[in-house]
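Let me begin by presenting the structure, written as structure tokens, before commenting on it.
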Number of protein chains: 2
Amino acid sequence: MSERGLLIIVSAPSGTGKTTICRKVLKACPRLEFSVSYTTRKPRPGEVDGRDYHFISEEEFKARIEKGEFVEWVVNYDNYYGTSGVDLEEKLKRGRDVMLDIEFRGAQAIKERYQDGVFVYILPPDLTELKNRLGKRGFESPMVIEKRFNQALEEIASIFWYDYVVFNDKLEEAVETLKAIYVAEKSRRSRLEHRIKEFLAREKERKLF
Amino acid sequence: MSERGLLIIVSAPSGTGKTTICRKVLKACPRLEFSVSYTTRKPRPGEVDGRDYHFISEEEFKARIEKGEFVEWVVNYDNYYGTSGVDLEEKLKRGRDVMLDIEFRGAQAIKERYQDGVFVYILPPDLTELKNRLGKRGFESPMVIEKRFNQALEEIASIFWYDYVVFNDKLEEAVETLKAIYVAEKSRRSRLEHRIKEFLAREKERKLF
């Protein structure tokens, strides 16, 4: 019997380097799979269907909502994004560990169904990059941008809801830390009860002489 | 202000390779210090005073008990062993992380004073080595050895009290796992509240334009 897989959820403000960190951790950990979200937005250059997202039509997305297939979904700038609970369950049941890249509200929805998920928030050295991105949209007044930045700051305050916080001051260290969180959580006694009981039963049975 | 250090407690059955694992982790983690116990037993060949143990007289040991200096102490085969709470507090206050090598009853005593300690149990691939050691004492009958082994098995059942379990099937993997537990625990949000608050306050103050 294979133990149920571990679910690790990663959130971060825009411009933190989350995608790079997650990819490097996934590459280093063969038992850990990335959970690919579904979206109705068009692929950007370099994005691969099935790797970065499952790109589907709005019609199909809505049909999947109807069927209750998404454990969480949101609409951002008229595009739908969602996590398939069916895909997730199938992986976890097979004993695969799954990494989910998601923002705070999505993470909260996941927590309701997966209390034993591991919730990690990544922070950049500072929010300069986030500020630049908010400014780059172009046409808005400084007041609008400032308002948006304050909203972003409020969302970052959700950090106190997470289990772990990784500071991405140095990329390689952040990668090592996220990997360590994954490895450590796999070694939690509460996740190893089955294996420990097997060990004890086996040693009890083995004859001493 | 430096944050308070982290306390990591490691237990294992005799013959697990705990000492080797701990030494390798300590070598790889410069911020982590080993807590050196006090004992009244004589140094064995190769043991260094102040590194393996603080070797003191029974008289001095008893005087330190009187002063309430030990956070835990035991008598084993007429020898006293104890952990100085004074040493421990001094290190943790300075923000140093401390590793403690101790058996179950000692770990329980530590937990009473250090609820936020991290408690790790290391298991060998099997208990052959432990059996051999119990047998090697020499003069006892198979029945006595068997009784002792069953006592040891009962003590191993305390494993369900620990936070983490590391299987020492391959030495290097066990070292990596113990290191990962240490690194992950340093990234627990609950241990980083101070640093996160500083980050948020700083970013709030910085002018956007």
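The values are calculated or read from the model by the stated rules, or taken from the named source; none is laboratory data. Values in this document were obtained by computation on a predicted structure and should not be read as measured data. Cβ: placed from backbone, ideal geometry, glycine included. Neighbour counts: every protein chain shown.
Descriptive notes on the structure:
- Selection of first residues in the range A:97-108 that are closer than 24 Å to A:Lys27 by Cα and in contact (Cβ under 8 Å) with a residue 12 or more places away in the chain and of second residues that are assigned to a helix (DSSP H, G or I) and among the charged types (D, E, K, R), restricted to Cβ pairs under 8 Å at least 6 apart or on distinct chains, gives the following pairs, ordered by first then second residue: A:Asp97/A:Lys186; A:Val98/A:Lys91; A:Asp101/A:Lys18; A:Glu103/A:Glu155.
- Test result for A:Ala174, touching a Pro at 6+ places or on another chain (Cβ under 8 Å) and either surrounded by 15 or more Cβ atoms within 10 Å (Cβ to Cβ) or not in a strand (DSSP E or B) (or both): no
- For the range A:172-209, the set of residues classified as over 20 Å from B:Leu127 (Cβ atoms), β-branched (Val, Ile, Thr) and within 7 Å of another protein chain (Cβ to nearest Cβ) consists of A:Thr177, A:Ile181, A:Val183, listed by residue number.
- Residues that are in a loop (DSSP other than H, G, I, E, B) and either surrounded by 13 or more Cβ atoms within 10 Å (Cβ to Cβ) or modelled with pLDDT under 90 (or both), drawn from the range A:109-124: A:Tyr114, A:Gly117, A:Pro124
- Residue check, A:Ala63 closer than 26 Å to A:Glu172 by Cα, modelled with pLDDT of 95 or more and small (Gly, Ala, Ser): no
- In summary, A:Gly95 fulfils each of the numbered conditions (1) within 27 Å of B:Leu200 (Cβ to Cβ); (2) outside any helix (DSSP H, G or I); (3) among the small types (Gly, Ala, Ser) with the single exception of condition (1).
- Every residue from the range B:120-133 that is in contact (Cβ under 8 Å) with a residue 60 or more places away in the chain and either over 30 Å from B:Arg191 (Cα atoms) or facing chain A (nearest Cβ under 9 Å) (or both): B:Val120, B:Tyr121, B:Leu123, B:Pro124, B:Leu127, B:Glu129, B:Leu130, B:Asn132, B:Arg133
- Residue satisfying all of: in the range B:48-66; within 19 Å of B:Leu100 (Cα to Cα) and out of contact with any strand residue (DSSP E or B) (no Cβ under 7 Å at 6 or more places or on another chain); surrounded by the most Cβ atoms within 10 Å (Cβ to Cβ) among these: B:Asp52
- Failed item in (1) within 10 Å of chain A (Cβ to nearest Cβ); (2) not in a helix (DSSP H, G or I), with B:Asp169 passing the rest: (1)
- Look at the range A:38-53: where a residue is within 17 Å of A:Glu69 (Cβ to Cβ) and a partner is assigned to a loop (DSSP other than H, G, I, E, B) and not aliphatic (A, V, I, L, M), sitting 6+ places away or on another chain with Cβ atoms under 7 Å, you get A:Thr40/A:Ser57; A:Tyr53/A:Glu47.
- Flag for B:Ala152 being part of a helix (DSSP H, G or I), surrounded by fewer than 21 Cβ atoms within 10 Å (Cβ to Cβ) and among the hydrophobic types (A, V, I, L, M, F, W, C): yes
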